[in-house]
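**Student:** One structure follows; several queries about it will come next.
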Amino acid sequence: MRALLASLLLLAACAAPRTLPEGESPLAVNPARLAQIEAAPRLTVMIPGALASVDIFAPTNGWAARGHGLAYYRFPGMDGLPLDHALSITDAAEEIARFARRYPDKELTLVGYSAGGAIALEAAALLAPRPVTVAAISPSPEHAGGLQTILRGAGDVISAATRAEAFTSKAIWDEYWKTLLYGRENRADPAFTGQIEALSAEHAPQITDPSPALVRAHSASLRRWKLSEGADLSHARIGFFFGMADPVFSTRQTDTLRRRAGGGRLIGFADDGHLLLLTRKSLFAHVLRFVEGG
């Protein structure tokens, strides 16, 4: 079973990507939102992660009242965007950079979660020397963490399979999702059981095992991603927000990404895992404080 699950994890990321059809924009900017963006002194672009909806940024809706014009980047198969192409980290960064250039006089912020963190860093580099603030939440390191992350993930999936009530992809995914909340050690700690079960019950309607096609579309480019050679981020103010018990990307991997980006502030949260947006209710208050100069 170990070999089978590890192979499935590897295969899920190896299909050749298709690019976004010409003329179709993944930026969710309807006329009302565009008017709000044009009137605001700030432009803030929210970028979700693999298998995530832009709804993860709902806690930031109140930022509009603080002068943030909010735009959202959608991934294929999510938020009304068809699953007819694969995510490209570089194409996404270029699309966001093009959009930001339409508003050269606005204060610019890019907020990215997981794979969205990689996109935010790439987009910021393309916009040099324009000042930009980047908030990278549980950011993906280069090559999505490589073999280290694959092996850790395979081990966590196998552990989830042993705990699952049935040997089905849905039952295993439900158990693996619990590990993503507070990490593998806290998953086995009775002190966290209540919090884990409460969050699982709260988000049960949204916890669905992703289709292989969706996984491939979201992860293939990320597995190949490396910060562009010569990328200049000296103009960027970057905060790396991460759970110190993240079972997907380790603290060391996050710090390596920070150093590759030329520096930035590490903001770690003890006991939180990869789903920092769910476990740390004050997360976006911390992010807002950083974005606005705190």
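**Student:** Is there any pair linking a residue in region 187-200 that is surrounded by 12 or more Cβ atoms within 10 Å (Cβ to Cβ) to one that is in a loop (DSSP other than H, G, I, E, B), with Cβ under 9 Å and at least six apart or on different chains, and which?
**Tutor:** These pairs meet every condition: ARG187/PRO247; ARG187/GLY273; PHE192/ASP271; LEU199/LEU275; SER200/ILE207.
**Student:** Could you look through region 61-71, keep only residues that are in contact with a helix residue (DSSP H, G or I) (Cβ under 7 Å, 6 or more places away or on another chain) and in a helix (DSSP H, G or I), and pick out the one that is most open to solvent (accessible area, probe 1.4 Å)?
**Tutor:** ALA64
**Student:** Moving on to the next point. Being open to solvent by less than 30 Å² (accessible area, probe 1.4 Å) and more than 30 Å from GLY293 (Cβ to Cβ) is the filter here, so list the residues in region 135-149 that pass it.
**Tutor:** ALA144, GLY145, GLY146, THR149
**Student:** Of all residues in region 151-173, count the ones that are closer than 22 Å to SER138 by Cα and open to solvent by 50 Å² or more (accessible area, probe 1.4 Å). Spell out how you get there, then give the answer.
**Tutor:** As a first pass, look at region 151-173 and keep what is closer than 22 Å to SER138 by Cα: 151-157, 160, 173.
Those left that are additionally open to solvent by 50 Å² or more (accessible area, probe 1.4 Å): 151-152, 173.
Qualifying residue count, region 151-173: 3.
**Student:** Before we move on, is LEU214 open to solvent by 50 Å² or more (accessible area, probe 1.4 Å) and farther than 29 Å from VAL291 by Cα?
**Tutor:** In short, no.
**Student:** Here are LEU27, LEU34: which of them is open to solvent by less than 60 Å² (accessible area, probe 1.4 Å), modelled with pLDDT under 95 and touching a strand residue (DSSP E or B) at 6+ places or on another chain (Cβ under 8 Å)?
**Tutor:** LEU27
**Student:** Could you tell me which of the residues ASP209, ASP255, ASP246 is modelled with pLDDT under 95 and of a type outside the set (A, V, I, L, M)?
**Tutor:** Matching residue, one of ASP209, ASP255, ASP246: ASP209.
**Student:** Determine which single condition LEU110 fails, assuming it passes every other condition in (1) in a strand (DSSP E or B); (2) surrounded by fewer than 24 Cβ atoms within 10 Å (Cβ to Cβ).
**Tutor:** So LEU110 meets the others, but not (2).
**Student:** Given the residues ALA120, ALA115, which is the only one that is closer than 12 Å to ARG223 by Cα and in contact with a strand residue (DSSP E or B) (Cβ under 9 Å, 6 or more places away or on another chain)? Quick ask: steps written out before the conclusion?
**Tutor:** Numbers: ALA120 fails: closer than 12 Å to ARG223 by Cα.
That would be ALA115, the only listed residue that is closer than 12 Å to ARG223 by Cα and in contact with a strand residue (DSSP E or B) (Cβ under 9 Å, 6 or more places away or on another chain).
**Student:** Does region 75-82 contain at least one residue that is open to solvent by less than 40 Å² (accessible area, probe 1.4 Å), touching a Leu at 6+ places or on another chain (Cβ under 9 Å), of a type outside the set (S, T, N, Q) and on the phi > 0 side of the Ramachandran plot?
**Tutor:** Among the residues of region 75-82, at least one is open to solvent by less than 40 Å² (accessible area, probe 1.4 Å), touching a Leu at 6+ places or on another chain (Cβ under 9 Å), of a type outside the set (S, T, N, Q) and on the phi > 0 side of the Ramachandran plot, which makes the answer yes.
**Student:** In region 37-55, which residues are among the hydroxyl-bearing types (Ser, Thr, Tyr) and surrounded by fewer than 19 Cβ atoms within 10 Å (Cβ to Cβ)?
**Tutor:** Within region 37-55, SER53 is the sole residue that qualifies.
**Student:** Sticking with this one: In this structure, does ARG102 turn out to be open to solvent by 70 Å² or more (accessible area, probe 1.4 Å) and either more than 19 Å from the chain's Cα centre (by Cα) or in contact (Cβ under 8 Å) with a residue 12 or more places away in the chain (or both)? Reasoning before the result, please.
**Tutor:** On the way: open to solvent by 70 Å² or more (accessible area, probe 1.4 Å): yes; either more than 19 Å from the chain's Cα centre (by Cα) or in contact (Cβ under 8 Å) with a residue 12 or more places away in the chain (or both): yes.
Spelling it out, ARG102 is indeed open to solvent by 70 Å² or more (accessible area, probe 1.4 Å) and either more than 19 Å from the chain's Cα centre (by Cα) or in contact (Cβ under 8 Å) with a residue 12 or more places away in the chain (or both).
**Student:** If you go through region 27-46 one residue at a time, how many are in a helix (DSSP H, G or I) and either within 22 Å of the chain's Cα centre (by Cα) or of a type outside the set (Val, Ile, Thr) (or both)?
**Tutor:** The total comes to 8.
**Student:** Oh, and also: Here are ALA58, ALA92: which of them is open to solvent by less than 10 Å² (accessible area, probe 1.4 Å) and outside any strand (DSSP E or B)?
**Tutor:** On the way: ALA58 fails: open to solvent by less than 10 Å² (accessible area, probe 1.4 Å).
Unique residue meeting the criteria: ALA92.
The values are calculated or read from the model by the stated rules, or taken from the named source; none is laboratory data. Since the structure is predicted, the reported quantities are computational estimates derived from the model, not experimental observations. Positions of Cβ are backbone-derived with ideal geometry, glycine not excepted, and every protein chain shown enters the neighbour counts. Keep in mind that these areas ignore ligands, DNA and RNA; they rest on the heavy atoms of the full protein, side chains included. Shrake-Rupley method; radii C 1.70, N 1.55, O 1.52, S 1.80 Å.
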